[in-house]
There are 2 protein chains.
Amino acid sequence: MTTVPEKDRLHAQISFAVEIDKLKRIIRRNLLMDGSRRENDAEHSWYVGMLAMIFAEHAPPGTDIQRVVAMLMVHDLVEIDAGDTFIYDPVAVAAQAEAEQAAADRIFALLPADQAAGLRELWNEFEARRTPEARFARALDRFAPLLANHHTEGGTWPLFKVTAEQVKRNVRLIQEGSPSLGAYALDLVELSVSRGHLSE
Amino acid sequence: MTTVPEKDRLHAQISFAVEIDKLKRIIRRNLLMDGSRRENDAEHSWYVGMLAMIFAEHAPPGTDIQRVVAMLMVHDLVEIDAGDTFIYDPVAVAAQAEAEQAAADRIFALLPADQAAGLRELWNEFEARRTPEARFARALDRFAPLLANHHTEGGTWPLFKVTAEQVKRNVRLIQEGSPSLGAYALDLVELSVSRGHLSE
């Protein structure tokens, strides 16, 4: 038998579990690797978590990969309220910050206070990009759509008139988190340009 | 500069990363919590990984939650080849085992051998259900669709003529991994029956 406070905890956890199902309906800009449709935030979060496991050895020595996975699981939850922001739209990116803070205040608070604090801390760390874990997580978050665009003949790059120069600025974030994945990403950009899938 | 063997490793990792994108196109039976569409395996994998983080305290003391998360991230990868099996179809469940072994042989082998062995071990552990980690992971894998069906007025239960007795057998798997979540799941089943969303 659970005591009353334990039941309250469980009910708070259930409310949060029901709420975050909405992440499956937040649609991103990039396509799946077969180009069939745009990706949603939930499957993207799974995918980048898997990338953390696969590319663990490309993180700086000593990086806590399990923390990176946890960070990537929660990194987009704020988009349930704030929506997805296209990284190549600087005006939207600036306006987004405030909306995401408000979203974090509301969504994490559905959990019992101790758990809310733990997940909020993970998200804050991801956003601040000061730890190797956060920088590696951010690198993977940027690497995934680059890989998808490369595998779909440029994917949404031509559609949104993204240039190689813009993508290369983005590659710098990958390099900051993982020099080897950053180098590979730069190769992909050059290859996409040479194939005519990304304009210079 | 990477040496040739390191490049081979990276290329194997990239092949695997490209391959597993297909999990986003494997469609499950259950609906999203808003009933708008059926769920895919990739977003389901994210969701149950999140449940492991949220419901960690409902696992037996000493359970390695980070291993549970990792297990849930990879638990459905074999369905890229073998497809999703409806848990209430016993014939399909039996035929599935062989197909999933073959799928595991092919898909994990895309990775460098040491990584392939590590992920295969995680998947074998999940399937064998002998450790507390595997049993808790399995409990969450069964808890998620029950929660979704409960929140969508029975969801796919009436459509596939699933009875309360069948769902209760399934609840036993939840109880084996987490007595408290199992008890809560049983409450949900009774509630669904009393509301006429699940037939006895």
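The values are calculated or read from the model by the stated rules, or taken from the named source; none is laboratory data. As the structure is a computational prediction, the values presented were derived from the model and not from experiment. Glycine also receives a Cβ, built like all others from the backbone with ideal geometry; neighbour counts cover every protein chain displayed. Accessible surface areas use protein heavy atoms only, side chains included; no ligands, DNA or RNA. Shrake-Rupley method; radii C 1.70, N 1.55, O 1.52, S 1.80 Å.
I'm checking my understanding of the structure. Among residues of segment A:58-107 that are assigned to a loop (DSSP other than H, G, I, E, B) and without any contact (Cβ under 8 Å) to a residue 60 or more places away in the chain, which one is surrounded by the fewest Cβ atoms within 10 Å (Cβ to Cβ)? Looking at residues that are assigned to a loop (DSSP other than H, G, I, E, B) and without any contact (Cβ under 8 Å) to a residue 60 or more places away in the chain, I get A:Pro61.
Against the test of being at pLDDT 95 or above, more than 23 Å from A:Asn30 (Cα to Cα) and either open to solvent by 40 Å² or more (accessible area, probe 1.4 Å) or within 13 Å of chain B (Cβ to nearest Cβ) (or both), the options A:Gly118, A:Gly182 yield a single qualifying residue, A:Gly118. Annotation for segment B:155-173: at least one member residue is among the acidic types (Asp, Glu), open to solvent by 20 Å² or more (accessible area, probe 1.4 Å) and on the phi < 0 side of the Ramachandran plot.
The number of residues in segment B:147-169 that are assigned to a helix (DSSP H, G or I) and modelled with pLDDT of 90 or more comes to 10.
For segment A:131-145, the condition holds for at least one residue, the condition being that it is more than 14 Å from chain B (Cβ to nearest Cβ), open to solvent by 40 Å² or more (accessible area, probe 1.4 Å) and either in a helix (DSSP H, G or I) or acidic (Asp, Glu) (or both).
The residues of segment A:58-77 include none that are more than 14 Å from chain B (Cβ to nearest Cβ) and within 14 Å of the chain's Cα centre (by Cα). Residues in segment B:24-57 that are in a helix (DSSP H, G or I), open to solvent by less than 30 Å² (accessible area, probe 1.4 Å) and within 8 Å of chain A (Cβ to nearest Cβ): B:Lys24, B:Ala42, B:Glu43, B:Ser45, B:Trp46, B:Tyr47, B:Gly49, B:Met50, B:Leu51, B:Ile54.
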